[in-house]
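Data block below; observations after.
The values are calculated or read from the model by the stated rules, or taken from the named source; none is laboratory data. In this text, all values refer to a predicted model and were calculated from it rather than measured experimentally. Glycine gets a Cβ as well: all are built from the backbone with ideal geometry, and neighbour counts include every protein chain shown. Note: areas computed on protein heavy atoms with side chains; ligands, DNA, RNA excluded. Shrake-Rupley method; radii C 1.70, N 1.55, O 1.52, S 1.80 Å.
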Amino acid sequence: MEKKIVNIINKMADYLNITQLKQLQEVLVREFAENNIEKTEIPNNEYMKMFLDAKRVEGCSNRTIKYYQATIEHLLSYTDIPVRKITTDDMREYLSEYQKINNCSKVTVDNIRRNISSFFSWLEEEDYILKSPMKRIHKIKTKIPVKEIISDEVIEKMRDSCEEIRDLAMIDLLYSTGMRVGELVNLNISDVDLEQRECIVYGKGDKERRVYFDAKSKIHLKKYLDNRKDTNPALFVSLNAPYDRLKISGVEIRIRELGRSLGIEKIHPHKFRRTMATRAIDKGMPIEQVQKILGHCNIDTTMQYAMVNQSNVKNSHKKYVA
């Protein structure tokens, strides 16, 4: 059926404009379907499997793939309508019901919308559907809170409270590079150049980039490595034998413990990343360079991390306006 429609569209391409060709395609698909010319309908789960396979080929992480899968599976369990026939109204109803049933925030619903939109956009690009039903469902407006960063005082308190040189090196590296915690735990000793004060990290989609650290990080990293007695190639390992590579959860737990011991709430690895971006921009680093250091494809993502310090805004207002 698909080939027949494509052949008809191609033959009419010289006589109709793009809008008319689209309309003709929609009519042909509907008419062929109603007359049962297309006997074999691909199951919804098969469309999902093909989409996930495509995302794996594109280099999406396992975590992202699982998120896509959970989101799409929930949608497919909600409706028995074939994917090809799902309409914009069907999707609006689904998102509305999802928010009511789960009592979740607008941010969560917008994340769901974005994942489902990726699924239908892929179906459209691959010519499995004529038009994504998500195209007219726009980004859900949400409040953007000004997220806190780590103050210089808190950083110094955390440094002073570190009883293990490993933890000190870990905090310094997160603070000066702005790398993701997943990038930190995947680092090998061979990825670090102490003399040049830089290291190679592999970000989302296994994209390689260089990040740079300060003199404090170099001193503490060297001391930590000199004191190591294991042969594990990982940069950060557990404190006790068998000295396994540190996991994301291990870093998160350690930093939370340090925070609690000092009475510091809401301290986590990602906060170091946001702090680095904000400090860099406040001190005059061009946003494009911050984007490159953080490994963002889209500069809008960088702007979300870099919440400009309010005191700097006030000082600038006095300088240029008041």
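A few points about this structure:
- Within region 287-319, tally of residues that are open to solvent by 60 Å² or more (accessible area, probe 1.4 Å) and modelled with pLDDT of 70 or more: 8
- If you filter region 251-274 down to residues that are over 21 Å from residue 199 (Cα atoms) and hydrophobic (A, V, I, L, M, F, W, C), you find that the one that is surrounded by the fewest Cβ atoms within 10 Å (Cβ to Cβ) is 253.
- The residues listed here are 129, 140, 116; of these, the one that is out of contact with any Phe, Trp or Tyr (no Cβ under 6 Å at 6 or more places or on another chain), over 30 Å from residue 176 (Cβ atoms) and modelled with pLDDT of 95 or more is 116.
- The C-beta contact set for region 221-236 (first residue closer than 18 Å to residue 198 by Cβ, second residue among the acidic types (Asp, Glu) and open to solvent by less than 40 Å² (accessible area, probe 1.4 Å), distance under 9 angstrom, 6+ apart or interchain) comprises 221/172; 235/191.
Per-residue answers, yes or no, for (1) surrounded by 15 or more Cβ atoms within 10 Å (Cβ to Cβ); (2) touching a Gly at 6+ places or on another chain (Cβ under 9 Å):
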| site | (1), (2) |
| --- | --- |
| 218 | yes, no |
| 226 | no, no |
| 232 | yes, no |
| 236 | yes, yes |
| 239 | no, no |
| 249 | no, no |
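- One residue alone among 255, 267, 281 is within 23 Å of residue 295 (Cβ to Cβ), among the β-branched types (Val, Ile, Thr) and in contact with a Gly (Cβ under 9 Å, 6 or more places away or on another chain), and that residue is 267.
- Single condition residue 147 does not satisfy, out of (1) in a loop (DSSP other than H, G, I, E, B); (2) touching a Cys at 6+ places or on another chain (Cβ under 9 Å): (2)
- In region 40-65, the qualifying residues are those that are among the charged types (D, E, K, R) and in contact (Cβ under 8 Å) with a residue 12 or more places away in the chain, and the one that is farthest from residue 205 (Cα to Cα) is 41.
- Within region 150-173, not a single residue is assigned to a loop (DSSP other than H, G, I, E, B), free of Cβ contacts under 8 Å to residues at least 60 places away in the same chain, touching a Ser or Thr at 6+ places or on another chain (Cβ under 8 Å) and within 18 Å of residue 304 (Cβ to Cβ).
- The condition (being small (Gly, Ala, Ser) and farther than 29 Å from residue 114 by Cα) is satisfied by just one residue among 151, 249: 151.
- In region 161-200, of all residues being open to solvent by less than 40 Å² (accessible area, probe 1.4 Å), of a type in the set (Asp, Glu) and touching a strand residue (DSSP E or B) at 6+ places or on another chain (Cβ under 9 Å), the one that is nearest to residue 217 (Cα to Cα) corresponds to 198.
- Any hit, region 76-87, residues being over 22 Å from residue 138 (Cβ atoms), modelled with pLDDT of 90 or more and open to solvent by less than 40 Å² (accessible area, probe 1.4 Å): yes
- When the residues of region 174-220 are filtered to those that are touching a Ser or Thr at 6+ places or on another chain (Cβ under 6 Å) and among the hydroxyl-bearing types (Ser, Thr, Tyr), the one that is nearest to residue 296 (Cα to Cα) is 176.
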